[in-house]
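K.L.:
Quick one: this structure, given as structure tokens, is what I'll be asking you about.
The values are calculated or read from the model by the stated rules, or taken from the named source; none is laboratory data. Every value quoted in this text rests on a predicted model; they were computed, and no experiment measured them. Backbone-built Cβ (ideal geometry, glycine too); neighbour counts: all protein chains shown.
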Amino acid sequence: MTRDTYTAENGFVITDDIVDKWAEEAEDNFSGATITQFAGRAWEDETQPLKPRTVRLSDTVWHLIEADAKRRKMTVSAWTRNAILNELSSEIVTQK
């Protein structure tokens, strides 16, 4: 079986062995990992104030969002931002 290598934008070479290791760590829920908190939002160079926005949703969809946000112990606003950012992240990956 041929093992592939990939090169990140910064020149770091990623092998299939590294990808396998990352997959194992993810499946193990990154046990033992140290998380460093930082101020601001990871997707912004500079933290900007949040502004209210309006979206049109049916009551059914709204209740589904409320229920899922509650299950995840999040506010509806945080849930919505997270959903939008996940969608944008996958779109950015697709464009590359």
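K.L.:
Can you name the residue in region 39-96 that is among the polar types (S, T, N, Q) and at pLDDT 90 or above and is also surrounded by the fewest Cβ atoms within 10 Å (Cβ to Cβ) among such residues?
P.N.:
Residue satisfying both the conditions and the ranking: THR54.
K.L.:
For region 1-16, which positions are touching a residue at least 12 places away in the same chain (Cβ under 8 Å) and surrounded by fewer than 10 Cβ atoms within 10 Å (Cβ to Cβ)?
P.N.:
Matches in region 1-16: ARG3, ASP4.
K.L.:
Still on this model: Scan region 9-32 for residues that are under 19 Å from the mean Cα position of the chain (by Cα) and part of a loop (DSSP other than H, G, I, E, B) and jot them down.
P.N.:
ASP28, ASN29, PHE30, SER31
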